[in-house]
1. What number of residues within segment 198-221 are in a strand (DSSP E or B), touching a His at 6+ places or on another chain (Cβ under 7 Å) and not small (Gly, Ala, Ser)?
2. Of (1) at pLDDT 95 or above; (2) among the charged types (D, E, K, R); (3) assigned to a helix (DSSP H, G or I), Arg29 satisfies all except one. Which?
3. Against the definition (modelled with pLDDT of 90 or more, in a loop (DSSP other than H, G, I, E, B) and loosely packed, with under 12 Cβ neighbours inside 10 Å), how does Lys252 come out, yes or no?
Amino acid sequence: MTLNCITVDDEPLALKLVGRFIEQTPFLRLVASYGSAVAALRGLQQLTEPIDLIFLDIQMPDLNGLELAKLLDKGPGGGPRVVFTTAFNQYALDGYKVDALDYLLKPFSYDDFLRVANKAKSYAELTQQPTAPATPPAPTVPAEPAEDYLYLKVEYQLVRVPFNDILYVEGLKDYVKVYRRNEPKPLLSLTSLKALEEKLPARQFMRIHRSYIVGLGHIVAIGRGTVHIGTETIPVSDSYREAFDQFVSRWK
């Protein structure tokens, strides 16, 4: 697999360095380099081949890197992934909010660059859709079993989380905390509780509160308006009580 890349930086030396690192990396291909975010935005509209990865400075005149990242055309395949290259570490959280793949703090070495490049390659391989077969379809075979896990984005990486390991999920505005079996700390992921609810199988999970989804197989006791999972007591709110009561009726 080869990833098509562009670089964007208003510092010529930094632009040249990233370009050289790309050329040293066998699975990366440098398509174009731009000295400003405005030029990159114009160039992306004119390129005839898809771009997989953008190495993007943040502090630039007229249009900064964060603003450019928000303007990128995501397209049906999700669009190019962004790696921010900057001398200022205070932008890490902002980079996370625009779904950046990673963050390289200047000055960085080729080892740092290669770590990020390998992450981009792994992500591309993970999300690449198989191409349609050119030959007639094979005879019908039994369907593959449904996936029993999901991937959560946690601190610039995708973490594989089996459904059976999820005890419960707590929503915190734009984030969720996912509590798992035998893990002392929850996973923190930038997504909404509603978006995560849509990915969880209804046969295993139920939303019982505006802030909580519980793993039904991990409920050890049910109280008056509460459920108990391990040592945790989680409330059942009125708006979700009817659906939960129907579930409880099957216990009796």
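The values are calculated or read from the model by the stated rules, or taken from the named source; none is laboratory data. What you are looking at is a predicted structure, and each value in this text was computed from that prediction instead of being measured. Glycine gets a Cβ as well: all are built from the backbone with ideal geometry, and neighbour counts include every protein chain shown.
1. At the first step, the residues of segment 198-221 found to be in a strand (DSSP E or B) are 205-209, 212-215, 221.
This time we only want the ones that are touching a His at 6+ places or on another chain (Cβ under 7 Å), so: 221.
Filter again for not small (Gly, Ala, Ser), leaving none.
Number satisfying all stated conditions: 0.
2. Looking at each condition in turn, Arg29 falls short on (3).
3. Working: modelled with pLDDT of 90 or more: no; in a loop (DSSP other than H, G, I, E, B): yes; loosely packed, with under 12 Cβ neighbours inside 10 Å: yes.
In short, no.
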